[in-house]
Amino acid sequence: MNPDEIDKLKQENILLKNALKFTRLGVWKYDIITNQNFYSPEWFTMLGYDPDELSHTTQTWLNLLHPDDIEPTKNFLHYFLENKHTEYKIEFRLKTKKGDYKWILSQGKALEIDKNGHPTKMVGIHIDITERKQFEQEIKDSENEFKTLINNSPIAQLIVDNQMKIIQMNEKFTKLFGYRQDDLKGVEDWWPRAYPDPKYREKVQKEWEEKATEGLCKSCQTDPMEVVVTCKDGTQKNIVITMSSIGEKNTVVFQDLTAYRNSQDELEKTQNLLYAALENTPAGILIADAPDVKIQFANSTALGIRGESNVSLTKIPAELHPSHWQTFHVDKTPYLPEDLPLSRAILKGEVVQNEEVIICHPNGKEKTVLANAAPVKNKEGEVIAGVVIFPEITQLKETMNALKVSEEKYVNLIDTTNTGFVMVDGKYGKVIEANQVYVELTGHKTFDEIFDRSIVDWTAEYDQERNAKEVQKCVETGYVRNLEIDYVHPDGTILPIEINASVIQTPDGLLIQTLCRDISSRKKAEKKLKESIDRFKALVETTSDLIWEIDKDQKFIYVSPRIKDLLGYDPQEVIGKKRYDLMPLSEAVKIEKEFQNYAGKSLPFSSMININLHKNGYEVTIESSGVPIFDEDGNLHGYRGIDRDI
């Protein structure tokens, strides 16, 4: 390969390197046989780590996997390897240095497979898909730097006379080939050692004699001749040989191209890796030359977004870009060639971020993409190319529109239930969003009156500390249920409120989503009920009769304080006991049988005479009456009644 071709290869790799920087892709390589891994710096930095902070091992990746994703991911990879697939795509979560998780789209491709069809070497990329609406205009460095493409090779020299006898051999020759002057007396000793294969040796000798005869006659110097030289240790090196004549002495120069060839191979491998990474990117990528903006590269995703076309999509001048790529502004007006993001990046050096562009597919469907474009510059700062990255967001926009409609329906539903809705900043407790019902619950008329204010401003002073604790609890547990606090209106009116809240995690921090209801009517009803219960309790506790209630097993679940006067027991002493536990044995048997006649048919009874034993041991004759109690399903739940000392 001549120097011009090498320079072109360098330029292509500069383009690819900058393109990969711009896409912010995390590249990985995995040798399945040796279990060796390589992770690009972006693989680490997209998770918040420094490139040298973690080791390039499979275990590093496993340690970062979300616990819920470990088994599914392992199962997927096992299936991929066992079923001889060569490409895969999977999404999982990786832990960042801050402790949170990012969703990653991992795409991989087999570079090599064994004779059984199983992958042995893999290459792939990681793409951060946590925030699908944010697409950066720059691609992070795919690698911090390329290793040196061509190293300066040591120059070895032989000084020979016109009879091709070696006069002097320098140290660099010995270091390069391993031969010493004792090994080579003349060129005739060099031929069989340097070229042990007879056929190859004959070819080299013939070519060398022709170059030597022609070159030395014309200019005292031969044209360069590239050969493969076998060293003393058996290794082979790619060498360029030239000879120049100075009087009776000839200088033979051996320039080692081995490192150069290896670098060239590495360069081609890297180029292939970069092409594979760009092809596997789920966003369209175009690369164009400067200054004519002629598209030189379009990945498969870009071509897929545009769809099949009977016109050329690459190698076309800038003035054909809008018509061939069918590009339109969001208002449906067509782009002018110079207004396209890629053109602006190359012609004006502009960095274009997140510009929505419509591309019309041949099937008539409009596809929306998010264009990010930037110029590619050389070391001197000159624009040599441009790159545009455009992920398709058509489905995302449709989803967001549907979500917006859903949110509007949800808010309308809340409003129809006369429920207050408020969104509060989880850090400062300030109002971000609220419906009109909530505004009125705070005693205000418009949202502007409460926006960006703390909810403490209308919380009763005696409830503020408790409210603050519940907010902290909500942040820690994720929710609060049935919290009752009092709001104070500007005019001093106290309004009891029931609150149910939950926490939402957003890229900007925590938000507390809260539903509030006016429970003043319920509080009034509860107050009246309590007053009624208190009156009933006072009546029960002051009557001369014993009021009681038993469950379906005939055990006391309530007795009035009158039992102390009647039978000498405190109420808590008989709770849980049966009525018959307070009777003589014979009386208990008789009364139980009589009671079952009523209970078996769920009938009331009255004036049932029975004898009970006082705590002090004497008998007390009682007249009992009772009515059955039923549950919601109509089943007998127990009896409630009164006992009278007769």
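The values are calculated or read from the model by the stated rules, or taken from the named source; none is laboratory data. Bear in mind that the values here come from a model prediction, so they are computed numbers and not experimental data. Backbone-built Cβ (ideal geometry, glycine too); neighbour counts: all protein chains shown. Ligands, DNA and RNA are excluded from the accessible area calculation, which covers all protein heavy atoms including side chains. Shrake-Rupley method; radii C 1.70, N 1.55, O 1.52, S 1.80 Å.
Here are the numbers:
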{"quantity": "Total residues in region 563-591, condition assigned to a loop (DSSP other than H, G, I, E, B) and in contact (Cβ under 8 Å) with a residue 24 or more places away in the chain", "calculated": "4"}
{"quantity": "Index of the failed condition, V293 passing every other in (1) open to solvent by less than 50 Å² (accessible area, probe 1.4 Å); (2) of a type in the set (A, V, I, L, M, F, W, C); (3) part of a helix (DSSP H, G or I); (4) at pLDDT 75 or above", "calculated": "(3)"}
{"quantity": "Residue within region 507-516 that is surrounded by fewer than 16 Cβ atoms within 10 Å (Cβ to Cβ), more than 30 Å from K102 (Cβ to Cβ) and touching a residue at least 24 places away in the same chain (Cβ under 8 Å) present", "calculated": "no"}
{"quantity": "Flag for W103 being assigned to a helix (DSSP H, G or I) and surrounded by 14 or more Cβ atoms within 10 Å (Cβ to Cβ)", "calculated": "no"}
{"quantity": "Some residue of region 427-448 being within 18 Å of Q513 (Cα to Cα), more than 38 Å from the chain's Cα centre (by Cα) and not in a helix (DSSP H, G or I)", "calculated": "yes"}
{"quantity": "N372 vs. criteria surrounded by fewer than 16 Cβ atoms within 10 Å (Cβ to Cβ) and within 27 Å of the chain's Cα centre (by Cα)", "calculated": "no"}
{"quantity": "Residue in region 2-20 that is in contact with a Phe, Trp or Tyr (Cβ under 8 Å, 6 or more places away or on another chain), surrounded by 13 or more Cβ atoms within 10 Å (Cβ to Cβ) and modelled with pLDDT of 90 or more present", "calculated": "no"}
{"quantity": "Region 166-182: number of residues that are at pLDDT 85 or above and among the basic types (K, R)", "calculated": "2"}
{"quantity": "Of all residues in region 440-463 being touching a Ser or Thr at 6+ places or on another chain (Cβ under 9 Å) and within 15 Å of D486 (Cα to Cα), the one that is surrounded by the fewest Cβ atoms within 10 Å (Cβ to Cβ)", "calculated": "D457"}
{"quantity": "Subset of region 597-621 (residues that are within 23 Å of N635 (Cβ to Cβ) and either in a loop (DSSP other than H, G, I, E, B) or touching a His at 6+ places or on another chain (Cβ under 8 Å) (or both))", "calculated": "G600, K601, S602, L603, P604"}
{"quantity": "Single match in K206, K199 (criterion: open to solvent by 90 Å² or more (accessible area, probe 1.4 Å), within 19 Å of T242 (Cα to Cα) and at pLDDT 80 or above)", "calculated": "K206"}
{"quantity": "All positions within region 546-557 that are under 60 Å from the mean Cα position of the chain (by Cα) and either surrounded by 15 or more Cβ atoms within 10 Å (Cβ to Cβ) or touching a residue at least 40 places away in the same chain (Cβ under 8 Å) (or both)", "calculated": "D551, K552, I557"}
{"quantity": "Pair list, Cβ < 7 Å and 6+ apart or interchain, from region 600-616 residues that are within 14 Å of K590 (Cβ to Cβ) to residues that are charged (D, E, K, R) and loosely packed, with under 13 Cβ neighbours inside 10 Å", "calculated": "I611/E619"}
{"quantity": "Unique residue being closer than 14 Å to F390 by Cα and not in a loop (DSSP other than H, G, I, E, B) when the list is L320, L274, L278, L347", "calculated": "L278"}
{"quantity": "Subset of region 607-646 (residues that are closer than 17 Å to E549 by Cβ, open to solvent by 80 Å² or more (accessible area, probe 1.4 Å) and touching a strand residue (DSSP E or B) at 6+ places or on another chain (Cβ under 9 Å))", "calculated": "F630, H637, R640, R644"}
{"quantity": "Criterion (open to solvent by 60 Å² or more (accessible area, probe 1.4 Å), at pLDDT below 85 and in contact with a strand residue (DSSP E or B) (Cβ under 7 Å, 6 or more places away or on another chain)) met by exactly one of T86, T23", "calculated": "T86"}
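Yes or no, residue by residue, for (1) more than 18 Å from T394 (Cβ to Cβ); (2) surrounded by fewer than 20 Cβ atoms within 10 Å (Cβ to Cβ):
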site	(1), (2)
I287	yes, no
S300	no, yes
K315	yes, yes
H324	yes, yes
E338	yes, yes
E366	no, yes
